[in-house]
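K.L.:
Before we start, here is the structure in question, set down as structure tokens.
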Amino acid sequence: MKKTLLVLSVAAMAMGAWADRVMTPQALETLKHSLIHRGDGKGRPDNTMEALLYTWAKGYTPESDIRFTKDGKIVAFHDNSLKKRKVSEWTWAELREEDVGSYRDPKYATCRAPLWETIFTAMEENPSRRIHIDYKDVPPEKVAEMVKAHGLEKQCWFICKNYDLIKRYKAALPEGQSLHWMNLGNWGRIDFAKPGELEKCEKYMLDQFENAAKENFKDIDNVQLHCQLRKAADGTFTFCPKIETMKACIARLHAAGVEASMCVWQTEADDPEVYKFLWNLGFDSFGTDYPEALYRAVAELQGK
């Protein structure tokens, strides 16, 4: 990205300022690639079959994390620890008995962490089921081996922030799919009023983008940028990264034949208008913790 993009003023654009795109069948299919974080975002318990089955039934693509237990079983589990013990310190016999659902609601007290073998078997039963596999500690070569053993090369995306790990996955499974996510370097809420903060966060993301762009996004099928935004009283929005920056990134990704995705971070993601605006801006798919807002947006884009 040219440095001149970094000095453009922060835009505050009203929703609807961009001409509507046509929702073609192919565009809708690509939208269904949208990454539903931890299985069902803020809905059902993280990384559980209950969450995955719900999202699959909606026609979208859940994301789950991949970790080793102490005895080498490979489980879907987001956090590094449970009850102050690392997941890698639990045996599978211990972990499979733990309640991982009641933190959401007592009705989910029977939820348990699944093995990835269970997830892959459920996907074999239905070729419309897809998933994003978020790297934690299982080597990409091992992930590739499992995906290939189940014949799921086109139903799985290996996702990671580390470009080198993505290259390793594609070297092990050239016919597989990958997603490279690029964040803003801030997991909390960006202080939009702090001088220089937006420029710093945007540059952090663009540095990652340029690193992949140097190789024309080789081995990457989908780049997922992160954004944060704030809504003013008059209904206008300020984005980080800037709208001009996002448009330039989309153009470069499409020129390279790469899907352009956007993860809307924080509670502002719980607004269908945000997704409609960003889709009209040119993004192909999304990442979200608030999938119900995305589902509503897509239905409205379809005119339903």
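K.L.:
Relative contact order (percent) for the chain, with alpha-carbon contacts under 8 angstrom and 6 or more residues of separation?
P.N.:
21 percent
K.L.:
Please turn the phi angles of region 247-256 into ³J(HN,Hα) values with the Karplus equation 6.51 cos²θ - 1.76 cosθ + 1.60 (θ = phi - 60°), one per residue in order, whole Hz, x for glycine and proline.
P.N.:
4, 5, 5, 4, 4, 5, 5, 5, 5, 8
K.L.:
Then there is this: Quick one, can you get me the convex hull of the C-alpha atoms of region 180-304 expressed as volume per residue in Å³?
P.N.:
Once divided by residue count, the hull of region 180-304 is 108 Å³.
K.L.:
If I build a Gaussian network model for the chain, linking alpha-carbon pairs within less than 10 angstrom, which residue out of Pro139, Pro106, Pro127 has the largest mean-square fluctuation?
P.N.:
Its mean-square fluctuation being the largest, the pick is Pro106.
K.L.:
If each residue of separation counts as 0.36 nm, what is the full-extension length gain between Glu244 and Asp99 once their alpha-carbon separation is subtracted?
P.N.:
Working it through step by step, the gained length comes to 47.6 nm.
K.L.:
Can you give me the convex hull volume of the Cα atoms of region 87-232, divided per residue and expressed in Å³?
P.N.:
180 Å³
K.L.:
Here's something else I'd like to know. With a 1.4 Å probe and all protein chains left in place, how much of the accessible area of region 107-176 comes from carbon and sulfur atoms, in whole percent?
P.N.:
Looking at region 107-176 in its full context, I get 49 percent from C and S.
K.L.:
Pairing the Cα long axis of helix 140-149 with the longest principal axis of the chain, what angle in degrees results, from 0 to 90 and rounded to the nearest 10?
P.N.:
Roughly 70 degrees, rounded to the nearest 10.
K.L.:
When the chain is modelled as a GNM with alpha-carbon springs shorter than 10 Å, which of Arg85, Arg168, Arg96 fluctuates the most?
P.N.:
So, out of Arg85, Arg168, Arg96, the one fluctuating most is Arg85.
K.L.:
Also: Starting from the Cα of Lys107, draw a straight line to each of the lysines and keep only those under 17 Å, dropping any in the same chain fewer than 8 residues away.
P.N.:
Counting by Cα, and skipping residues close in sequence, Lys107 has these lysines nearby: Lys42.
K.L.:
Once both labels are modelled 7 Å past Cα along the beta-carbon direction, what's the Gln302-Gln266 spacing in nm?
P.N.:
3.2 nm
K.L.:
OK, next. Just the number, please: percent antiparallel of the DSSP beta bridges in the chain, rounded to the nearest 5.
P.N.:
30 percent
K.L.:
Using the Cβ atoms and a cut-off under 10 Å, what net charge is assigned to the surroundings of Trp265, where Lys and Arg are +1 and Asp and Glu are -1?
P.N.:
-1
K.L.:
Computed from the coordinates I sent, percent of Cα pairs over 36 Å apart equals one of [x] 13; [y] 32; [z] 16. Tell me the label.
P.N.:
For percent of Cα pairs over 36 Å apart, the calculated option is [z].
K.L.:
While we're looking at this one, here's another question. Sorted by accessible area (1.4 Å probe), largest first, how do Glu98, Glu63 line up?
P.N.:
Glu98, Glu63
K.L.:
If I fit a long axis through the Cα atoms of helix 163-172 and take the longest principal axis of the Cα atoms of the chain, what angle between them do I get, 0 to 90°, rounded to 10?
P.N.:
The angle comes out near 50 degrees.
K.L.:
Greater than 23 Å separation of Cα atoms is the criterion. Which listed pairs, Lys32/Lys83; Lys32/Lys242; Lys142/Lys170; Lys83/Lys136; Lys32/Lys214; Lys84/Lys200, meet it?
P.N.:
Beyond 23 Å: Lys32/Lys83; Lys32/Lys242; Lys32/Lys214; Lys84/Lys200.
K.L.:
Against the longest principal axis of the chain, how steep is helix 291-301, in degrees 0 to 90 to the nearest 10, with axes from Cα atoms?
P.N.:
In the chain, helix 291-301 runs at an angle near 50 degrees to the longest axis.
K.L.:
If you roll a 1.4 Å probe over the heavy atoms of the protein chains, what accessible area per residue do you get for the chain, in Å²?
P.N.:
Result: 44 Å² per residue.
K.L.:
With springs connecting C-alpha atoms under 10 Å apart, model the chain as a Gaussian network and identify which of Ser34, Ser128, Ser261 has the largest mean-square fluctuation.
P.N.:
Ser128
The values are calculated or read from the model by the stated rules, or taken from the named source; none is laboratory data. Not measured: the values here are computed from a predicted model. Methodologically, a virtual Cβ is constructed for each residue, glycine included, from the backbone with ideal geometry; neighbour enumeration extends over all protein chains shown. The accessibility values were calculated without ligands, DNA or RNA, using every heavy atom of the protein model including side chains. Shrake-Rupley method; radii C 1.70, N 1.55, O 1.52, S 1.80 Å.
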